[in-house]
1. Among the candidates 93, 139, 155, 122, which residue alone is surrounded by 15 or more Cβ atoms within 10 Å (Cβ to Cβ), touching a helix residue (DSSP H, G or I) at 6+ places or on another chain (Cβ under 7 Å) and modelled with pLDDT under 95?
2. For region 96-113, how many residues meet the condition of being farther than 19 Å from residue 54 by Cα, surrounded by 15 or more Cβ atoms within 10 Å (Cβ to Cβ) and in contact with a His (Cβ under 9 Å, 6 or more places away or on another chain)?
3. Does residue 35 qualify as being modelled with pLDDT of 95 or more and among the acidic types (Asp, Glu)?
4. Name every residue in region 102-118 that is closer than 13 Å to residue 46 by Cβ and either of a type in the set (Phe, Trp, Tyr) or under 16 Å from the mean Cα position of the chain (by Cα) (or both), in order of residue number.
5. Among (1) modelled with pLDDT under 85; (2) touching a Leu at 6+ places or on another chain (Cβ under 8 Å); (3) closer than 24 Å to residue 149 by Cα, which single condition is residue 50 missing?
6. Across region 38-81, what is the number of residues that are over 21 Å from residue 114 (Cα atoms), of a type in the set (Gly, Ala, Ser) and surrounded by fewer than 13 Cβ atoms within 10 Å (Cβ to Cβ)?
7. Before we move on, is residue 175 surrounded by fewer than 18 Cβ atoms within 10 Å (Cβ to Cβ), more than 17 Å from residue 28 (Cβ to Cβ), of a type in the set (Val, Ile, Thr) and in contact (Cβ under 8 Å) with a residue 12 or more places away in the chain?
8. Of 10, 79, 2, 6, which residue is modelled with pLDDT under 90, assigned to a loop (DSSP other than H, G, I, E, B) and in contact with a Phe, Trp or Tyr (Cβ under 6 Å, 6 or more places away or on another chain)?
Amino acid sequence: MKIYTKTGDKGETSLIYGTRVPKNHPRVDAYGTLDEANAAIGTAISLLTVENDSLRESLQRVQTLLFHAGAELATPPDKRVQWKLESKHTSSLEADIDRWSGNLPPLKQFILPGGCPSSAALHQARTIVRRAERLIVALSEVDRSGETLPFINRLSDYLFVAARYANHLQGTEETPLVPDI
């Protein structure tokens, strides 16, 4: 089977169930941005230097759930969604946030994104997720979003704490924001 189909050569792509839309359709923009976030999370995983299977497994679970969110966004509103996010998935993010936060010093000021390479990649993934969230909000004004929007909203919080936790595991100090430079 060839990877290329040539069906998108004129600027269209297929949603799930075959509906053709322009490649700049808001739905395609939203799930494409989730794909970008998923790749950034993959980069962060590849940069983890401290063996921590629970962090790695959690991030890989999130990658799978981002495929679910993408499938939901790629399904026309009048069709059945094959993979759906549920409230339990959002609750799972919250549980990880709470568990990791218990190991971190409380924030007393803003921090700059960065630190160890995996943390920096997680911060980048967080900003991509925030962009996806804005696109999904715009799309949800005319379409369903189900549990996707709450999940994506929580995911950016999760990635922020995961970035801090990666720094903690690596022994890398966070850089505080110095507002008066």
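1. The match here is 139.
2. Selection size over region 96-113: 1.
3. Here the answer is yes, as residue 35 does meet what is asked.
4. 118
5. Exception for residue 50: condition (3).
6. 1
7. Answer is yes for this residue.
8. Among 10, 79, 2, 6, only 79 is modelled with pLDDT under 90, assigned to a loop (DSSP other than H, G, I, E, B) and in contact with a Phe, Trp or Tyr (Cβ under 6 Å, 6 or more places away or on another chain).
The values are calculated or read from the model by the stated rules, or taken from the named source; none is laboratory data. Everything numeric in this text was worked out from a predicted model, so none of it was measured. Cβ: placed from backbone, ideal geometry, glycine included. Neighbour counts: every protein chain shown.
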